[in-house]
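Derivation of every value follows stated rules applied to the coordinates shown; laboratory data play no part. Values in this document were obtained by computation on a predicted structure and should not be read as measured data. All Cβ positions, even for glycine, are placed from backbone atoms using ideal geometry, and neighbour counts span all protein chains on display.
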Amino acid sequence: MAIGESTRIDSEKEIEHLFQFIEHSGCTFIRNNDSYSGVRAREHIQKKFNYISKRKKQISAEQFIKYAASQSSLSKKPYMVQCGTEMITSESWLVGELEQYRQLSKNHLSTQSAQ
């Protein structure tokens, strides 16, 4: 595996995990004051991600969140997520999930190497 290859693969896995998280969260996404399901939110964010991906070869999960999943490109209003009674920016919500995913991945690798 070439240097940088594992980073690219890790980023792809992280971004796919975040897409799955968005789609299956059961939360409501608010973009420019309109509400969307997780499926519709993923579709919209996927389009933005595809556009960004054409311009930049390698995108980290952090860049994905910042440029595709945190605010409207037109109005610059932050995307919001409502889960139950809690309302949070999509950026904070996704960064929190990314941190959890990385911790679980790290713990999984530690468990495998100890065996």
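With +1 assigned to the C-beta of every Lys and Arg and -1 to the C-beta of every Asp and Glu, and no other charges, what is the dipole magnitude of region 5-114 about the Cα centre in debye, to the nearest 20? Can you show the working numbers first?
Details: 16 positive and 13 negative charges, 114 e Å.
With only Lys, Arg, Asp and Glu charged at Cβ, the dipole is about 540 debye.
Can you tell me which of 50-57, 97-104, 15-22, 81-88 comes out highest on packing, and rank the rest after it, using the mean Cβ neighbours within 10 Å? Mind showing how you got there, number by number?
Numbers: 50-57: 10.4, 97-104: 13.8, 15-22: 18.5, 81-88: 12.1.
Ranking the peptides 50-57, 97-104, 15-22, 81-88 by packing returns 15-22, 97-104, 81-88, 50-57.
Want the number for GLU86 to GLN46: 0.36 nm per residue separation, take away the alpha-carbon distance, what's left?
On the way: separation 40, 0.36 × 40 = 14.40 nm, distance 2.45 nm.
Residue separation times 0.36 nm, minus the Cα-Cα distance, leaves 11.9 nm.
Give the cross-link partners of LYS106 among the lysines, using a straight C-alpha distance below 18 Å as the criterion and excluding same-chain residues fewer than 8 apart.
Those lysines meeting the cut-off are LYS13.
Grab the alpha carbons of the chain, take their convex hull, and tell me the volume per residue in Å³. Could you put the intermediate results ahead of the total?
Working: hull volume 12.7 nm³, N = 115.
Given the Cα convex hull of the chain, per-residue volume reads 110 Å³.
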